[in-house]
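J.: Pasting a structure here, questions to come.
Bear in mind that the values in this text are calculations on the coordinates, not laboratory data. Only a predicted model underlies this, so the values are computations on that prediction, with no experimental measurement involved. Because the Cβ atoms are built from the backbone with ideal geometry, glycine has one as well, and the counts that use them run over all protein chains shown.
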Amino acid sequence: MSAPAPPSAGAFPSPPGGFAPAPPPSTRRNVELLLLGLAAVVTTVSLVLVEASQEQSITWEIAKLGTAYLALFGVAHLAVRRFAPFADPLLLPIVALLNGVGLVLIHRLDLAEAQDAEFASSPIPSPDANQQVLWTGLGMVVFMALLIALRDYRTLARYAYTLGLVGLIALAIPALLPDRFSQVNGAKIWIRLPGFSMQPGEFAKILLIIFFAGVLVAKRDLFTAAGKHMFGMELPRARDLGPILVVWLVCIGVLVLEKDLGTSLLIFCTVLVMLYIATERVGWVVVGLGLLSIGFVFAYQAFGHVRVRVSTWLHPFDDYSNTGYQIGQSLFGLATGGLAGTGLGSGRPSQVPFAKTDFIISAIGEELGLIGLTALLMLFCVFVIRGLRTALAVRDSFGKLLAAGLSFTIAIQLFVVVGGVTKLIPLTGLTTPFMSYGGSSLLANYALLALLIKVSDAARAPAPVRKRAPEPLADAPTELVRKPKGGVA
């Protein structure tokens, strides 16, 4: 039996040049859609479990919340597919799941408040879950507006100083307002008007990240200039310390005038990380930590509320019925949750003050246990890691610093929140990104997500194909054409 004849050269024609065309680049948007569907399933099932644990019938409230959730993130997915097709497919689904779990916990606390009000024969308060869906919708509007309007994120570098000035003004406004328009629970961080309230500091942190990314790129030589060598590292020159001293003074001013330890710590640590990324010099970190220590000692000596925070952190049960009640209840809730938790709807997270905002981590730890809380922290870790991968992959320096700053501010904020709730560090009053109840935090974090997705889209997009230049006429091949007899060539 003879071997089959090899295929002829014409059986598999190759294109000119002898190479097959490259396959179209994958956008991974279908993966994102699948993960969004999984997040929607987890959120809906969790809402059903909450209502079932409360021995209530399944109401249309769940259908309303679930439908609104699906619609909002479905529209967000379409916006990403259209205006940032090469963006990281994990960023939006992670945020969707975090937002969904936060919505579940807020709804669960709404039910607890309604039961307490019914038992006390007082009016039932309006549910905050509906308001959270509304804020999520407004956050999606901000998210999509940035995706559509910001064609190239590098244009933000041109307005870095303007955006930095706006951020500083936003930080200063609550300190200049009377207490009745700005103070809540001792901290002057709000703008409170009839029918309207917001925390401008939530937006200021993003504007300041853009400002410092632009400044560090434009003035990189200033920050990398040679300085003194001490203890095996190179310290910055004294005359180059101006920018970080300005940031330190701004943070001290926020702490003094607004009594906001959390925002001060968040802004200073984020800028310090961005300085290290831009210069790769440990000296800047040493100087920054020194300034941070000086600021903490100064604040402890000068301000009574800082001393109270530290005393409560060290000895929460010495004044349990007063200053230590909040952190004490948080620790009791985490201990009750144990490893696997009490189950959604089966704990008593409403016993912790501000469980929907500052202490939503405590509610998660009580009802989902250490396992559920660890899973949520891993989601945040994956989000930060994907943001840092974006910073490594993007080609321009401004994009690298912007993506790194946005990712690290989420990481630092999460560390400060979880550290405060678990008594690792003193309480600061920051909220958990994408999960806590509140409009300012959600709007600002969805703006952060939009910027990170735009940088991710630029980092993962294929390089533009350059058109081949035509050959010079002198190098073009020539051919001799003979004129036929009796005719025209």
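J.: Relative contact order for the stretch 270-423: what percent, with Cα pairs under 8 Å and sequence separation of 6 or more?
T.: Working: 158 pairs, mean separation 32.2, N = 154.
Relative CO of the stretch 270-423 lands at 21 percent.
J.: Here's another thing I want to ask about it. Compute the signed sum of charges (Lys and Arg +1, Asp and Glu -1) over the other residues within less than 9 Å, Cβ to Cβ, of K188. Write down the numbers at each step before the final one.
T.: Values: positive: K259; negative: D179, E258, D260.
Taking every other residue near K188 into account, the sum is -2.
J.: So if we plug the beta-carbon distance of L249 and F354 into 1/(1 + (r/R0)^6) with R0 = 25 Å, what FRET efficiency do we get, rounded to 0.05?
T.: It comes to 0.25.
J.: Taking a ≥ b ≥ c as the square roots of the eigenvalues of the Cα gyration tensor of the stretch 288-390, is the shape rounded (a/c under 1.5), prolate (a/b larger than b/c) or oblate?
T.: Numbers: a/c = 2.99, a/b = 1.21, b/c = 2.48.
Oblate, since a/c reaches 1.5 and b/c is not below a/b.
J.: Ok, one more. Which residues among the stretch 150-190 fall inside the zone where the amide N is under 15 Å from a point 7 Å beyond the Cα of T323, along Cα→Cβ?
T.: Residues 186 fall inside that zone.
J.: By per-residue mean of other Cβ atoms within 10 Å, what is the highest-first order of 313-326, 106-119? Show your work: numbers first, answer last.
T.: On the way: 313-326: 14.2, 106-119: 17.9.
Sorting 313-326, 106-119 by mean packing, highest first, produces 106-119, 313-326.
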